[in-house]
1. Which condition does residue 495 not pass, out of (1) under 19 Å from the mean Cα position of the chain (by Cα); (2) away from ligand 1 (no atom under 16 Å from the Cβ); (3) within 22 Å of residue 623 (Cβ to Cβ), if it passes all the others?
2. List every residue pair whose Cβ atoms lie under 7 Å apart, where the two residues are 6 or more positions apart in sequence or sit on different chains, the first residue falls within region 438-460 and is in contact (Cβ under 8 Å) with a residue 40 or more places away in the chain and of a type in the set (Lys, Arg), and the second residue, located anywhere, is surrounded by fewer than 15 Cβ atoms within 10 Å (Cβ to Cβ) and assigned to a loop (DSSP other than H, G, I, E, B).
3. Working carefully through the options 452, 456, find the one that is within 21 Å of the chain's Cα centre (by Cα), at pLDDT 95 or above, assigned by TED's automatic domain parsing to the domain that holds residue 412 and surrounded by 22 or more Cβ atoms within 10 Å (Cβ to Cβ).
4. Suppose we keep only residues that are closer than 16 Å to residue 160 by Cα and in contact with a Lys or Arg (Cβ under 7 Å, 6 or more places away or on another chain) within region 173-211. Which one would you say is surrounded by the most Cβ atoms within 10 Å (Cβ to Cβ)?
5. Within the group 397, 423, 415, which residue is under 18 Å from the mean Cα position of the chain (by Cα) and in a loop (DSSP other than H, G, I, E, B)?
6. Quickly run through region 47-64 and pick out the residues that are closer than 15 Å to residue 26 by Cβ and part of a helix (DSSP H, G or I).
7. Out of everything in region 515-540 that is among the acidic types (Asp, Glu) and part of a strand (DSSP E or B), what residue ends up being farthest from ligand 1 (Cβ to nearest atom)?
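The values are calculated or read from the model by the stated rules, or taken from the named source; none is laboratory data. Model, not experiment: these values are computed from the prediction. Cβ placement follows ideal geometry from the backbone for every residue including glycine, while neighbour counts extend to all protein chains displayed.
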Amino acid sequence: MSGEYQKAYDRSINDPNGFWGEVAEDIVWIKKWDKVLDDSNVPFYRWFTGGVVNSCYNALDRHVDEGNGDRLALIYDSPVTGNTVRKYTFRELRDEVAKFAGVLAGQGVVKGDRVIIYMPMVAEAAIAMLACARLGAVHSVVFGGFASNELAVRINDAKPKVIVSASCGIEVNRVIPYKPLLDGAIALSDSKPEKTIILQRPESPAELKAGYDLDWAAEMASAKPADCVPVAATDPLYILYTSGTTGEPKGVVRDNGGHMVALKWTMKNIYNVKPGDVFWAASDVGWVVGHSYIVYAPLFNGNTTIFYEGKPVGTPDAGAFWRLIAEHNVKVLFTAPTAFRAIKREDPNALLMKNYDLSKFTTLYLAGERTDPDTLEWAMKALDRPVIDHWWQTETGWAIAANCMGLEQLPVKPGSPTVPVPGWDVHVLDETCNDVKRGDIGAICVKLPLPPGTLPTLYNNDERYKKSYLSEYPGHYATADAGFMDEDGYVYIMARTDDVINVAGHRLSTGGMEEVLAKHPDVAECAVVGVADSFKGQLPVGFVCLKAGVDRPYEDITKELVQMVREQIGAVAAFKQAVVVDRLPKTRSGKILRGTIQKIADNEPWKMPATIDDPAILDEIKDALTGIGYSDARKGA
Ligand code: COA
Ligand code: AMP
């Protein structure tokens with residue numbers, strides 16, 4: 001081992017000003033910072049205060065100005081639209097973005113205004129994001145799999161001046177009209193955007209309301225390009241809503257300066273790519289992976305990024321990833337383990353891989369959920385290349401723990417995303433905020449300050465930021481993940497400590513689903529738990545108690561509940577199972593024992609909680625689980 005990792009790590013913790021100040025020289029600044037780390041308003045740390053920048057300039061114009069305008073910036077590859085492939089050089093992408101910034105400016109969008117982007121995986125989603133960045137407007141991308149209600153909640157919080165959307169998305173071979181969902185959301189929300197801009201797609205064009213819904217293509221045809229607007233390093237670049245304990249999502253804020261500095265550094269030091277390399281994050285632009293590693297980081301670093309409108313399987317088969325890697329000379333692929341589980345399930349011997357030339361491909365990175373050792377081993381064997389698990393969150397914007405391949409390759413330990421990345425002072429704490437012994441499980445926390453590029457606060461909600469992340473372990477950021485560190489400092493992530501579950505790499509709130517179930521007129525109380533699933537990681541299952549006197553068939557009620565979650569949260573919640581039970585297990589103080597239900601369902605060892613009000617209720621839960629196919633449930637007792 002070269003020691004490069006340890007050297008960088010120690011410096012980042014002992015001298016954060018020196019470390020990040022040097023790294024920041026890699027960014028083009030309009031005015032350099034006065035302070036690298038500003039700790040004048042603890043616990044609200046800020047990075048690069050006094051600095052003036054533009055994120056779009058650093059993603060696009062910079063490369064043109066430095067003579068690399070003809071390099072490929074973005075490849076749009078869409079098997080769901082008849083194998084469309086469209087390529088943009090940095091110059092072409094800059095010109096499109098400048099024009100769309102002109103369209104937004106023409107609608108009165110200025111620095112600080114919010115713009116919601118509700119789009120499928122088309123290049124125009126990146127164009128809209130970067131156009132906001134160009135103007136200093138704050139984008140908030142909403143994942144296309146969310147239904148009207150979820151979109152409305154985000155509209156109410158962000159209060160966008162304009163919403164940019166598309167007429168439809170395409171899920172394998174199913175066309176999903178977006179416009180009715182958008183109209184529904186606007187109707188539901190109290191804060192009405194002044195205009196919408198709609199990208200019309202031939203698969204299902206939308207009806208536009210004259211004067212309110214503007215047509216993307218028509219507006220672009222007459223737009224005047226807009227220039228980059230200088231913004232403070234500490235100004236917000238975007239808000240990205242993510243699931244928390246309740247149905248009210250958290251608006252994670254990202255700044256401009258720290259975000260650019262950190263993300264560009266990760267491309268070289270974690271992902272080991274250099275400008276010109278093709279980097280593909282097979283995720284969705286609606287998630288943090290899409291923000292950081294489909295759009296911003298690769299472009300800051302002068303890499304070619306890929307917008308893939310397709311799935312790992314079914315578009316058309318389990319060889320889809322290998323086709324893209326071969327056709328576009330992908331060097332690094334980043335995706336969620338669930339995508340590899342999907343491929344493994346359809347093509348267990350990776351036979352389809354043999355049809356493609358993967359000689360340019362070097363490394364696979366996995367994140368978004370735990371990588372099970374089976375999938376890790378399968379991927380390593382099939383690819384015969386390093387497979388790197390790394391751990392992070394929407395809030396952090398980049399990896400907390402990883403094998404930093406650009407610094408030094410450390411040995412892989414299956415089940416661990418390796419070690420804390422430079423910048424992250426990771427501690428595993430007990431309830432009294434003391435470090436537990438190596439090997440013992442505790443709450444994984446990060447000693448403040450968090451490195452650049454992480455959330456400075458929650459949108460318009462400093463109090464919730466403090467309460468959610470900083471109050472439980474004073475002086476630390478609580479990740480809400482539990483786990484341990486081994487003797488070598490390797491981190492192991494075991495479970496969430498809140499009501500967040502991870503379904504096919506998508507972060508969802510069981511609390512949010514419970515809020516939907518509770519609205520059903522026949523439901524008296526309910527609990528949703530995430531049970532283990534060998535394909536999607538976890539799946540939500542609902543347990544409901546009905547109001548006295550309800551005598552409708554249970555099957556009708558559970559079908560309605562499934563439909564309600566689909567309509568109000570979205571298909572992406574994958575909420576397909578609900579059961580009626582007479583009672584829910586509770587502590588004597590009335591707290592529902594979700595953790596125990598989950599353990600029973602997962603067939604994990606569990607102890608009878610000392611505080612349970614009536615132990616017999618757990619038998620009913622076991623029977624209910626057996627009734628819906630968790631037939632091993634009884635073994636847990
Ligand atoms: N717009 C509309 N609907 C969407 C959608 C979108 N953008 N994305 C997903 N959905 C729908 C799906 O069509 C599906 O609907 P269905 O219940 O009618 O079948 C439902 O939401 C669940 O979708 P998904 O979780 O994607 O499951 P899937 O079975 O269609 O595909 C995988 C499974 C593994 C192929 C897919 O989840 C995947 O590629 N996951 C990678 C996850 C990822 O990128 N995570 C980000 C962090 S890295
Ligand atoms: P998200 O905010 O959607 O990125 O989800 C973040 C959560 O996903 C984390 O808090 C973890 O619970 C989980 N997660 C992400 N990456 C990993 C990983 N590599 N190993 C285990 N869990 C992970």
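1. (3)
2. Partner pairs satisfying both residue conditions: 438/486; 438/487.
3. On the way: 456 fails: surrounded by 22 or more Cβ atoms within 10 Å (Cβ to Cβ).
Unique residue meeting the criteria: 452.
4. Once the filter is applied, the top-ranked residue is 198.
5. Numbers: 423 fails: under 18 Å from the mean Cα position of the chain (by Cα); 415 fails: under 18 Å from the mean Cα position of the chain (by Cα).
When all the criteria are applied, what remains is 397.
6. Taking region 47-64 first, the residues closer than 15 Å to residue 26 by Cβ are 47-48, 51, 53, 55, 57-59, 62-63.
Once the filter is applied, which keeps residues that are closer than 15 Å to residue 26 by Cβ and part of a helix (DSSP H, G or I), region 47-64 yields 55, 57, 58, 59, 62, 63.
7. First, pick out the residues of region 515-540 that are among the acidic types (Asp, Glu): 515, 522, 525, 533.
Adding the requirement that they be part of a strand (DSSP E or B) leaves 525, 533.
Working: 525: 26, 533: 11 Å.
Among those residues, the one meeting the criterion is 525.
Residues checked against (1) part of a loop (DSSP other than H, G, I, E, B); (2) within 12 Å of ligand 2 (Cβ to nearest atom):
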position: 452; (1), (2): yes, no
position: 456; (1), (2): yes, no
position: 463; (1), (2): no, no
position: 483; (1), (2): no, yes
position: 488; (1), (2): yes, no
position: 513; (1), (2): no, no
